[in-house]
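Bear in mind that the values in this text are calculations on the coordinates, not laboratory data. It should be emphasised that the depicted structure is a prediction, and the values quoted were computed from it without experimental measurement. Cβ placement follows ideal geometry from the backbone for every residue including glycine, while neighbour counts extend to all protein chains displayed.
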Amino acid sequence: MNIILLGPPGAGKGTQAEVLTKKLFVPHISTGDMFRAAISNGTALGVEAKAYMDKGQLVPDAITVGIIRDRIAQNDCKGGFLLDGFPRTVVQAEALDELLEKLGMNIDAVLNFSVPLDKLIVRLTGRRMCRGCGTIYHQLYHAPQKEGICDSCGSELYQRSDDKEETVKNRLSVYEAQTAPLIDYYEAKGLLKTINGDQPINEVMKALGAALGQEW
Ligand code: AP5
Ligand code: MG
Ligand code: ZN
């Protein structure tokens, strides 16, 4: 299955992708994670991406489409993929359609997470990430057993540099202006399935399963 996770910052895309990737046996492709990996590796891509990410702005379409073109062409995507955080503009969505057409592939479903704005701010400012394995936590909603330490690998937890309140507000307005139009884009193609993301993590997982015709 080829799936897109769509939704504002903090909606729970990454959290659900951690589980979906295992249930569906498809790779989890997060452009945000790819940019963060490039930043920590100190590559030219990382340096360029960081300047935009720190301001809560989108990395230019040409760069982002380029990394997705390379990633989707890899062998592990032949049996399906889970896109998280891409596409994020109409230009990216059109580029993806073109790319998939050339590869003889298509999108099966676009899972759109709906969460009220005030909840998104609380989720983002309370998020903590594992430096070792990338597991996503939250100070209140998904706390590790030992404060500041990852349950899965024992590494230290950190706060994403774009999760400070000022940057969070920019990211949310960038979402409204540039990404929310994709809801209509995919609705018009008959691919959109909107999920109530404002419920406990397990319930969201069940709702995603139901949207995909699975019982989890
Ligand atoms: P990216 O990393 O994709 O960030 P984002 O889209 O802003 O989304 P987040 O990762 O913040 O949220 P999420 O939906 O994954 O939520 P999560 O599961 O972590 O992008 C970062 C930056 O990279 C962008 O700003 C841009 O600069 C650049 N970029 C990336 N892709 C790009 C593209 N295509 N084009 C251009 N630029 C691009 O959950 C959030 C918190 O809530 C966690 O603490 C979690 O524990 C908690 N939580 C999750 N679910 C629940 C629940 N059901 N109930 C309570 N708490 C929950
Ligand atoms: Mg994410
Ligand atoms: Zn970890």
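Each residue of segment 127-137 was assigned a 3J(HN,Hα) from its phi angle through the Karplus expression (A = 6.51, B = -1.76, C = 1.60, θ = phi - 60°), giving 6, 10, 10, 7, 5, x, 10, x, 4, 9, 10 Hz with x at Gly and Pro.
Projecting the Cα atoms of Gly209, Ala44, His142 onto the dipole axis of the chain, where Lys and Arg carry +1 and Asp and Glu carry -1 at the beta carbon, places His142 farthest toward the positive end. Phi-derived couplings, Karplus 6.51 cos²θ - 1.76 cosθ + 1.60 at θ = phi - 60°, listed residue by residue for segment 66-81: x, 6, 6, 4, 5, 6, 6, 6, 6, 4, 5, 8, 4, x, x, 7 Hz, with x used for Gly and Pro. Kindly state, to the nearest 0.05, the FRET efficiency for Asp76 paired with Asp198, given R0 = 30 Å and r defined as their beta-carbon distance. Here the calculated transfer efficiency is 0.40. Cross-link pairs exceeding 23 Å in C-alpha to C-alpha distance, out of Lys13/Lys189; Lys55/Lys206; Lys119/Lys193; Lys13/Lys169, comprise Lys55/Lys206. Taking trypsin sites (Lys or Arg not before Pro) across segment 93-149, the ones in a DSSP loop with at most 15 further Cβ atoms lying within 10 angstrom of their Cβ are Arg131, Lys146.
In this Cβ point-charge picture (+1 for Lys and Arg, -1 for Asp and Glu), segment 89-216 has a dipole of about 420 debye about its Cα centre.
Taking other C-beta atoms within 10 Å as the exposure proxy, Lys13, Lys78 rank Lys78, Lys13 from fewest upward.
Backbone amide hydrogens, once placed in the peptide plane, bring Arg128 within less than 5 Å of Tyr137, His138, Gln139, excluding anything fewer than 5 places away on its chain. Computed 3J(HN,Hα) for segment 18-33, one whole-Hz value per residue from the Karplus formula 6.51 cos²θ - 1.76 cosθ + 1.60 where θ = phi - 60°, is 4, 8, 4, 4, 7, 5, 9, 6, 10, x, 8, 10, 10, 5, x, 4, glycine and proline marked x. For every other residue with a beta carbon closer than 12 angstrom to the beta carbon of Val122, add +1 if it is Lys or Arg and -1 if Asp or Glu, then tell me the sum. After counting each charged neighbour, the total is -1.
Taken about its Cα centre, segment 64-113 carries a charge dipole of roughly 120 debye when the Cβ of each Lys and Arg holds +1 and the Cβ of each Asp and Glu holds -1.
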